[in-house]
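Okay, so here's the structure we're looking at.
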Amino acid sequence: MSESRELLLVRYGEIGLKGKNRSHFVSALVKNLQKALERVDCDAEVSHRFGRVYVEWTRGDREAIYGVVASTFGVVSFSPAVRVPLDQEAMCRAAEEAFRSAREGRTVKTFKVEARRSEKAFPLTSMEINRAVGGYVLRRHRDISVDVHDPDVTLNIEVRSEGILIYSRVIPGPGGLPVGTSSKAMLLLSGGIDSPVAGWYALKRGIALEAVHFHSFPFTSERSLQKVRDLCQVLAGYAGPIPLHVVHFTEVQRAIQQQVPSSFRITVMRRFMFRIATALAEARGALALVTGESVGQVASQTLESMRAIGEVTSLPVLRPLVGFDKHEIVTDARRIGSYELSILPYEDCCTIFVPENPQTRPKLERVRKVEEPLDVDALVEEAVGRTELEIIEPPRTFASVL
Ligand code: ATP
Ligand code: MG
């Protein structure tokens, strides 16, 4: 726990460019940060002043607070900073302290000062600040020199009307847009590697998510459902609480198994998933479906198959991973924090009814035909009616970014 006041300077990139929407995006970012910080035991406050977003606190776990900021969409990067009054002596002293902590625990031989002065009433120009602060630091650290091209430490000094900000570290955030600024979509969340990553990319573009999972109790276990909750929780770490719709899919699968030729079962099953997801999306005000499909990754992920499945929904289907190779998705899953959960070996509702020789390029007319014996509307309605809604809260632990 820290005693003194701490400050983070938060940079937002793309959202700064949005013209008249800008203030809407910035206030969403401020609100999302404030909300996410409620998960940490701290008194952090987020503010937007003079075109900058700040997080300030006197009480709280620094690492957890950094973790929250580093996983909030819309944050391009952030810097732990100190703010001092518009005073040369205070500026030099604070800069030297910042340099001292920046070199702690590492080998630092060179540095530079990079000053920016937007407050023109301050008596020194940017160049003069560089010289004054550089000299001050050099006099107190005899073993270092200035390197303006490739310094080990850069001391940034921003002279602004509200005070002088000093920082040396720039920690990357996830970028993207604040969650909630791009309406809402329904994520089809399996227990696999792909769909959590797809959900993460949807969140990154500011899309709020609800998730739907198809579960085939007793053929799939409670453990496999818990795994999906845990995956949903990883996403909630980036988004705040996520409603998870758990669909009891066994009856639909039984009907398919009894009435549909085996090679078409996967396609028909996916059509039911999309129909049920669409009904839930419409009931919840979600404007699109999101899946973890990519093209050609497995035999069933062909354009023919996507067309046959996609025709049952009037909603746009977002497939953020469409052009990704599997190893790229795995790398992302590790970074996001979903990979270790995804590879737990629990059964999925798709795998238990998998036929030996599925149609990889199903013909639309044939699919419609084989589906005819089924009472589609009744099956969908029944499954939707039995769907259970849970709210998945974000985790209270944070990956270290220090
Ligand atoms: P994933 O790793 O996301 O499971 P996958 O490579 O295994 O994907 P498929 O099994 O073909 O691919 O599933 C394609 C997509 O269909 C998934 O990414 C997911 O969006 C959705 N999906 C599959 N099974 C389920 C399920 N049981 N519940 C919800 N959505 C599912
Ligand atoms: Mg899967």
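Bear in mind that the values in this text are calculations on the coordinates, not laboratory data. Model, not experiment: these values are computed from the prediction. All Cβ positions, even for glycine, are placed from backbone atoms using ideal geometry, and neighbour counts span all protein chains on display.
For a test of the definition: using alpha carbon positions, the gyration tensor, and the 1.5 limit on a/c, classify the stretch 1-126 as rounded, prolate or oblate. Before the final figure, lay out the partial values.
On the way: a/c = 1.85, a/b = 1.25, b/c = 1.48.
In terms of gyration-tensor shape, oblate.
Under the convention that each Lys and Arg Cβ holds +1 and each Asp and Glu Cβ holds -1, the size of the dipole of the stretch 86-171 around its Cα centre is about 160 debye.
Compute the length gained on full extension between residue 41 and residue 221: take 0.36 nm times their separation in residues and subtract their Cα-Cα distance, giving the result in nm to one decimal.
61.3 nm
Which FRET efficiency, nearest 0.05, do residue 89 and residue 59 yield, Cβ-Cβ r, R0 35 Å?
Numbers: r = 29 Å, r/R0 = 0.83.
Given R0 = 35 Å and the Cβ-Cβ separation, E is 0.75.
Based only on Cα atoms, what Rg/Rh ratio does the chain have, Rh being taken as Kirkwood's radius?
Working: Rg = 26.3 Å, Rh = 23.8 Å.
That ratio equals 1.11.
Along the charge dipole of the chain, pointing to its positive end and built from +1/-1 on Cβ of Lys, Arg, Asp and Glu, which listed residue (177, 364, 71) has its Cα farthest out? Farthest towards the positive pole: 177.
With a cut-off of at most 13 other beta carbons within 10 Å, and DSSP calling the residue loop, which GluC sites (Glu not before Pro) in the stretch 149-218 qualify? Please list them.
On the way: sites: 158, 162, 210; in loops: 162.
Those satisfying the criteria are 162.
The slack in the chain from residue 131 to residue 162, taken as 0.36 nm per residue of separation less the alpha-carbon distance, amounts to 8.9 nm. Sorting 184-196, 94-106 by their mean Cβ neighbour count within 10 Å, with the most densely packed peptide first, gives 184-196, 94-106.
When +1 charges are put on Lys and Arg Cβ atoms and -1 charges on Asp and Glu Cβ atoms, the dipole computed for the stretch 184-392 relative to its Cα centre reaches about 440 debye. Each label point was placed 7 Å from the Cα along the Cα-to-Cβ direction; for residue 34 and residue 311 their separation is 5.0 nm.
For the chain, modelled as a GNM whose springs connect Cα atoms under 10 angstrom apart, the maximal fluctuation among 387, 125, 72 occurs at 125.
Note on the chain: with charges restricted to the Cβ of Lys and Arg (+1) and Asp and Glu (-1), its dipole about the Cα centre is near 1160 debye.
Sort the stretch 40-88 into rounded, prolate or oblate with this rule: let a ≥ b ≥ c be the square roots of the eigenvalues of the Cα gyration tensor; rounded if a/c is under 1.5, and if a/c is not under 1.5, prolate when a/b is larger than b/c, oblate otherwise.
Values: a/c = 1.98, a/b = 1.35, b/c = 1.47.
Here the stretch 40-88 falls in the oblate category.
The count of lysine pairs in the chain with alpha-carbon distances below 27 Å, taking only pairs 8 or more places apart or on different chains, stands at 21. Placing a label point 7 Å from the Cα of residue 360 along the Cα-to-Cβ direction, the residues of the stretch 298-331 whose backbone N falls under 15 Å of that point are 298-306.
Using the Cβ-Cβ distance between residue 388 and residue 24 with R0 set to 25 Å, the FRET efficiency from 1/(1 + (r/R0)^6) comes to roughly 0.15. Among 346, 12, the order by Cβ neighbours within 10 angstrom, fewest to most, reads 346, 12. Radius of gyration (Cα atoms) of the stretch 86-171, expressed as a multiple of 2.2 N^0.38 Å: 1.02. The antiparallel fraction among DSSP beta bridges confined to the chain stands at about 55%.
Taking 0.36 nm per residue of separation and subtracting the Cα-Cα distance, what length does fully extending residue 124 through residue 50 add?
Values: separation 74, 0.36 × 74 = 26.64 nm, distance 2.11 nm.
Full extension from residue 124 to residue 50 adds 24.5 nm.
A cut-off of 5 Å between modelled amide H atoms, ignoring neighbours fewer than 5 places along the same chain, links residue 53 with 10.
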